[in-house]
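Visitor: Take a look at the following structure, please.
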Amino acid sequence: MSNPKVLKPESELSIFAPEISARRVAILLSLFSKQKEDFLIGNPIKHIVSDEIFKRILGDSNFWISIDIEFQIINYLSTLSDISNILFHSGRESFLAGAYDLLPNDDTQISFLEMIVKIPILAGKFSRVFWLNPKIHSENSCTYEFDYLGGNKERWYDILYMKGILEGAAILFQVSNCSIELLETRLSGILIDHSELGKNIKFGANKNYMKISWKESPTKVGKTNLDKELKLIQPKTFFISTIDEAEKEKFSFVDLSTVLEKSRQLMIDNRELETIVEVLNNLKIELETKQKSFTKDLRMARNIQRGIIPQRIPDWKGLQFWVKFFPLQEVSGDYYDYFNFGSNKIGLLVSDVSGHGVPAAFITAISKLLFSQHKLDSPSEIFSIVNRELLELVKQQGYLTSFYALINSDYEVLYSIAGHPRPILAKYKTKEVILLEGEGTYLGMFPDAREFYKDYKIKLEPGDKLYIYTDGIIEGQNVDGERFEIERLISSIQDSIEMGVKESTEYIISKFNHFCRGTDPSDDQTLLAIGVSPHLDEYKLYVQTAEKFYRNKNYSEACKNLIKANEILPRDLWTLFSLGKYFAKNKEYENAIRFLDEYNNLKTYNADAFLIQGYCYYKLGNYEKAEESLQSSISLRAENIPAMYNLSKTQVKLSKINEAKNTLQKILVIKEDFEPAINLLKKI
């Protein structure tokens, strides 16, 4: 769909021909905002109309705009979401908003068929660019011929709007077995499923026809200002009579005036109301400005926090990790991290900062920095140092609970707890689920907390899983106010003990969500699972076989074996990088790029990975992506001659000759006798 064109502010008013009532657009925008929260904050269509015109569209029921403006607005909304259902509903609301004025002013009640004939009057209150001509076939069917005036062309959304109007009438008159079908249209097609409008639509016809038919309509509708006996009934209520099977007439009343805010009610004390509205509008604008600024700051805080919390943790020496992380607000008090302690040890952290929102996120950022600075052999010692430094920085204005573990290549786990829920161990061989020991006080609250931190040790066997979680999991509630509690968490872990790390974590969260359905969370929720793969021996065999094939330059078989290894440990960094390298050697460049993308997404910052990826893009002829990857490689390793040489060749392909010369000259500064650079420089 084409993008809406931008209007110049000075020419805006001159094109606002009185063709479409702004009420129609206002209803549409209001319904759209229910689907897209905060949509009406500020002016979301400022590329189409000015703020002044936007306010009039929403607030001035007597304001008319051109069909071109309406088309641009609807076209723009269509690029954001599927609005076909919204167009149906806007037609319905337009009918209900205007139907009252189509009823007789006396006690007379009219039938559905009589209302059907009056629909063109209602349509004329919302649009002056097309006319309707109803043709009654029987007491139970009518066909509308509609056409456009002034040389205007058919608009697909008018058909949806028209159907919505007819549906609104059917709803008010409680019509049974009502069918509304588009028979013919000049349009060559419609941007929604055609079955929504009719089964056998004739497109590209000479005219537009829509048919409505119904089985029966025993209901009649009138106004309620009938006699004194009805004085307790709201005067802006539809008076409905229905003939039942026994030929008896039943009466009921439907109050729609309050819902639809009829104009007569709003005209009372007009001057005072206009003053009040003006004040409220000013307050609204002020609040919107502050809200916009706050939202912008909050989003910035969220993006910063996303940068410091790893989205994924890579597999490590047979260990697998899976995290489910659900912040309560834009920014979270929960966070997790991992730390490299050389080649034979990894550190893992899960923390829960007191409170929520921006203050909690601020303490999260400080804690992230402190934990990153202290890589000691004892988690309890790390807690002691972090606690002291938090007290100095935060001044007891916030605290956090934490779990910290050091895991070596033999899967020995040394961990400590600082006021955090105790971890749970699932033993694969014995099928036991154990709530591990551990205690300790909060970080950042007590100067003498050091004496409460203690190290605990366990060993993980193949297939074992360790679960670390925040209190948002065990304190989640159902509609009866019951908590999920540690017992249900242990039961869910027991049920999933045969599953892998990912499957088990997803299963536990599904059980948690099912328990809490119908309630809103009251805290951030984090669940981190750590598991030792039960298939390590198979993994090692596939890796050894792949390396052997690679050394013998049988790259195809090397790739096949390494793919099988990757199926066992999908996030293992060595496997992902090697797959990228092996596939590149086998000239399967797209596969190489795919695995290197996965590798780079784990934020490894490996210059060679970007070098190989850039080479693959170059071989595929995607020089823009090749340039991007090679630039990344150079940024990670400054004097990266292979990346720089490949970049210069890429720049030549992109006709960036001066940039290519500059790159080649940088290479010769590093290595003045690098012949490929000398030859290419002469060539260009």
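A short reminder: the numbers here are calculations on the coordinates, not readings from a lab. Note that this is a predicted model, so its numbers are computed, not measured. With ideal geometry, Cβ positions are generated from the backbone for all residues, glycine too; neighbour counts draw on all protein chains shown.
Visitor: What distance in nm separates the two pseudo spin-label positions at Arg450 and Lys135, each 7 Å out from Cα along the beta-carbon direction?
Guide: According to this spin-label approximation, the distance is 9.5 nm.
Visitor: Here is a further query. Given a Förster radius of 41 Å and the C-beta distance between Ser66 and Glu216 as r, what FRET efficiency does 1/(1 + (r/R0)^6) yield to the nearest 0.05? Write down the numbers at each step before the final one.
Guide: Working: r = 42 Å, r/R0 = 1.03.
In this case the efficiency is close to 0.45.
Visitor: Taking 7 Å along the Cα-to-C-beta vector as the label spot, tell me the Glu381-Glu439 distance in nanometres, rounded to one decimal.
Guide: Going from the Glu381 label point to the Glu439 one covers 2.5 nm.
Visitor: How much length is gained on full extension from Asn344 to Asn408, taking 0.36 nm per residue of separation minus their Cα-Cα distance?
Guide: Taking Asn344 through Asn408 to full extension adds about 22.5 nm, to one decimal.
Visitor: Which of Asp107, Asp352 has the fewest other C-beta atoms within 10 Å, and how do the rest follow up to the most?
Guide: Listed from fewest to most nearby Cβ atoms, that is Asp107, Asp352.
Visitor: Now for a separate question. Once you have a ≥ b ≥ c as the square roots of the Cα gyration tensor eigenvalues for segment 625-673, tell me rounded if a/c is under 1.5, and otherwise prolate or oblate according to whether a/b is larger than b/c.
Guide: Judged from the Cα gyration tensor, segment 625-673 comes out oblate (a/c at least 1.5, b/c at or above a/b).
Visitor: Can I ask one more? Please give the net charge around Ala418, taking every other residue with its beta carbon less than 14 angstrom from that of Ala418, where Lys and Arg add +1 and Asp and Glu add -1. Display every interim value, and only then the final one.
Guide: Values: positive: Arg388, Arg422, Arg450, Lys454; negative: Asp352, Glu381, Glu389, Glu439, Asp448, Glu451, Asp455, Asp471.
After counting each charged neighbour, the total is -4.
Visitor: Wrap a convex hull around the Cα atoms of segment 9-219, take a quarter of its surface area, and give that in square nanometres.
Guide: Convex hull of Cα atoms, orientation-averaged projection: 12.5 nm².
Visitor: Next question. Can you sort Asp572, Asp520, Asp158, Asp51 so the residue with the fewest Cβ neighbours within 10 Å comes first?
Guide: Asp520, Asp51, Asp158, Asp572
Visitor: Mean separation of Cα pairs under 8 Å and 6+ residues apart, divided by the residue count of segment 536-683: what relative contact order is that in percent?
Guide: Answer for segment 536-683 is 13 percent.
Visitor: For Leu541 and Gln311 in the same chain, what is the full-extension length gain: residue separation times 0.36 nm, less their Cα-Cα distance, in nm?
Guide: 79.8 nm
Visitor: Right, another one. Just to confirm my numbers, what's the Cα centroid distance between segment 609-684 and segment 401-439 in Å?
Guide: Here the two parts' Cα centres lie 49 Å apart.
Visitor: Can you classify segment 311-532 as rounded, prolate or oblate using the Cα gyration tensor, where a ≥ b ≥ c are the square roots of its eigenvalues, rounded means a/c under 1.5, and otherwise it's prolate if a/b beats b/c and oblate if not?
Guide: Oblate is the answer for segment 311-532, as a/c is 1.5 or above yet b/c matches or exceeds a/b.
Visitor: Return the distance in nm (one decimal) between the two label points of a simple spin-label model at Asp480 and Lys153, each offset 7 Å from Cα along Cα→Cβ.
Guide: Computed distance between label sites Asp480 and Lys153 equals 6.2 nm.
Visitor: Can you tell me how segment 404-448 classifies by the Cα gyration tensor, rounded, prolate or oblate, using a/c under 1.5 as the rounded cut?
Guide: Oblate, since a/c reaches 1.5 and b/c is not below a/b.
Visitor: Ordered by residue, what ³J(HN,Hα) values in Hz, to whole numbers, does segment 600-617 give under the Karplus form 6.51 cos²θ - 1.76 cosθ + 1.60, where θ = phi - 60° and Gly and Pro are x?
Guide: Per residue, the Karplus-derived 3J(HN,Hα) values read 5, 5, 8, 6, 8, 6, 9, 4, 5, 5, 5, 4, 5, 4, x, 4, 5, 4 Hz.
Visitor: Shifting gears a bit: As an exercise, use a Förster radius of 45 Å and the Cβ-Cβ distance of Asp673 and Lys553 to find the FRET efficiency, rounded to the nearest 0.05.
Guide: Plugging the Cβ-Cβ distance into 1/(1 + (r/R0)^6) gives 0.90.
Visitor: Another question about this same structure. List the chymotrypsin sites (Phe, Trp or Tyr not before Pro) within segment 83-134 that DSSP assigns to loop and that have no more than 16 neighbouring Cβ atoms inside 10 Å. Please list the in-between numbers first.
Guide: Details: sites: Phe88, Phe95, Tyr100, Phe112, Phe126, Phe130, Trp131; in loops: Phe126.
Passing both the DSSP loop test and the Cβ count: no residue.
Visitor: Here's a follow-up. Sort the following peptides by mean Cβ neighbour count (other Cβ atoms within 10 Å, averaged over residues), highest first: 143-151, 614-622. Walk me through the numbers before you get to the answer.
Guide: On the way: 143-151: 14.7, 614-622: 19.6.
The densest-packed peptide leads the list: 614-622, 143-151.
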